[in-house]
1. Ordering 19, 92, 125 by accessible area with a probe of 1.4 Å, largest first, what comes out?
2. In the structure shown, do any of 307/393; 282/352; 349/449; 282/349; 282/393; 296/446 have a Cα-Cα gap over 28 Å, and if so which?
3. Heavy atoms of the protein only, probe of 1.4 Å, neighbouring chains included. What is the accessible area of residue 341 in Å², nearest 10?
4. Of 254, 310, 269, which has the most accessible area and how do the rest follow, probe 1.4 Å?
5. Sequence gap at least 6, Cα distance under 8 Å: using those rules, report the relative contact order of the stretch 250-395 to the nearest whole percent.
6. Starting from the Cα gyration tensor of the stretch 286-421, take the square roots of the eigenvalues, sort them a ≥ b ≥ c, and report rounded, prolate or oblate (rounded when a/c is under 1.5, otherwise prolate if a/b is larger than b/c, else oblate).
7. When Lys and Arg each count +1 and Asp and Glu each count -1, what net charge do the other residues less than 12 Å away from residue 430, Cβ to Cβ, add up to?
8. How much of residue 290 can a 1.4 Å solvent probe reach, expressed as accessible area in Å² and rounded to 10?
Amino acid sequence: MSRVAGDTRILVIGSAEHSRNVTCVNWSEVRPDLDPADFDAVIVNLTSLPRDSWGLLAAGPFRSTRFAKLVDSGGVLIVVLPKDLADQDVSSMAWLPFWMTVRGQSGETIHIFDPALENYMNLVSRWTFCFQPPCTVQHQVAGRQAGTEGYYDVVAQNRAGEPLAVVLADWCLQGNRPLRFADSDAGNELIPFHPDPFEIEGGPEECHAEQVTWGAVYLLPAPTDGNAKDGVDVLLQDLFGIAPETEEPEWAQRVVAPGQASLDEQISRCDAVIEEQTRKRKELIDARTEAREAVKLLYETGEALEKIVRATLREIAEATGGTVEEPLTPEGDDGRMRTRHGWAVLEVKGRKGSIPDDDVSQVCKWMDEPDMVAQAPKGILVANPYRKIAIGKRGKPFEPNVVQLASRRKVCLLTTQQLYLAYAHFKQDSSSAEDILSALYSSDGKIHKEFQHLFEGRIESITNEEV
């Protein structure tokens, strides 16, 4: 098994801004379809995830079998654990293929046995927990069932010999002992891994195990000197040969590289086009929002319906020199219209069913108000019957007795659907405004037949179907 740093696919979860040769995702960017087994190595930085969110790790990429598959296929999982880790946190670590019991205690004495992790462990000046053997298989790996004991190697331990950082694995290789890469003149050769380099004749200088152990899980304490990102950078460099990239200093950002000037100019032109198109898009969206106000005629009720009815009639009336006034009081009529045909008082209603004759009587009351009687106003009842039912499926808006009362009292009956269609005609041909107003002032009861074509039509929908 041979791996070269440039060919190794590495994923870092919970830490960003590392080498461009590494795939990095912050916790907020973790997608459900992210598969750790699709990488050769995965580094999980748990220090950047609040502990009360650890319970969420049972879903998505942290489904248990995904990391077991990563390790079983010869990949490596490195987990950077936060300080003060307690054994009760283990319930949130069920996604790991292996685990060891944790005991909370602290100290500063650290003996490092794995030279590949010496630089990383030197960032840990104080430890706050230690591991308690044995290593337990949590999910089937290399044919071993959950609950059985696996193999582990000590990366670092305290003075009492308790592990502070470990490599957990279960190999089906020579003698069930882990194999590591040798960095020798002969190339990348596999040699047995010894947990303590001092066991090797000649001491640590003769230990060639300078790279990562594949098919294993590393459990490491978080750095106390520096931050977790610094620790991840050290892991990437020492275990995978991926050097961190130096952040560009402020003075270097002002240097213009060869060929950059023309690119900057093109970017500026693109920015200008984007800015102009963004402005134009906003104007179109605002215009669209304003245009869609008319749709409220088909479903609104109460004050909202009154406002859109007045606004629609006002636009039509102003095209002929007329106007629509706001109500004088909340308890009075819903507005007054003045055109060359004279005055008209408005009553606007939204109903769940057909329009009752009480609504016609209400218009008549406004027509008989002392300040309007002398003007002989036209009464116009604008109604939205069956407002919660889709257009085309609504019942009869006015019963015969309502039409008879309106005809007798010279009140024009107008549905908001008819007003919507009349407004559509007006937007296509503003000269129709005079005929629309003539229909309202001359019709007693329903709209006269000679004007009905202005209040009929097809209400378009996005699906181009009748609504």
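The values are calculated or read from the model by the stated rules, or taken from the named source; none is laboratory data. Here the structure is a predicted model, which means the values were calculated and not measured. Every residue, glycine as well, gets a Cβ built from its backbone with ideal geometry; the counts of neighbours run over all protein chains shown. Calculation scope for accessible area: heavy atoms of the full protein, side chains included, ligands and nucleic acids excluded. Shrake-Rupley method; radii C 1.70, N 1.55, O 1.52, S 1.80 Å.
1. Values: 19 5, 92 30, 125 55 Å².
The most accessible residue leads, giving 125, 92, 19.
2. Working: 307/393 25 Å; 282/352 36 Å; 349/449 24 Å; 282/349 34 Å; 282/393 36 Å; 296/446 22 Å.
Violating the 28 Å limit, Cα to Cα: 282/352; 282/349; 282/393.
3. 60
4. The ranking, largest first, comes out as 254, 269, 310.
5. Numbers: 172 pairs, mean separation 27.3, N = 146.
Relative contact order comes out at 19 percent.
6. Oblate, because a/c is 1.5 or more while a/b does not exceed b/c.
7. Working: positive: 427; negative: 315, 318, 429, 434, 435.
Counting the neighbours of residue 430, the net charge comes to -4.
8. The value for residue 290 is about 140 Å².
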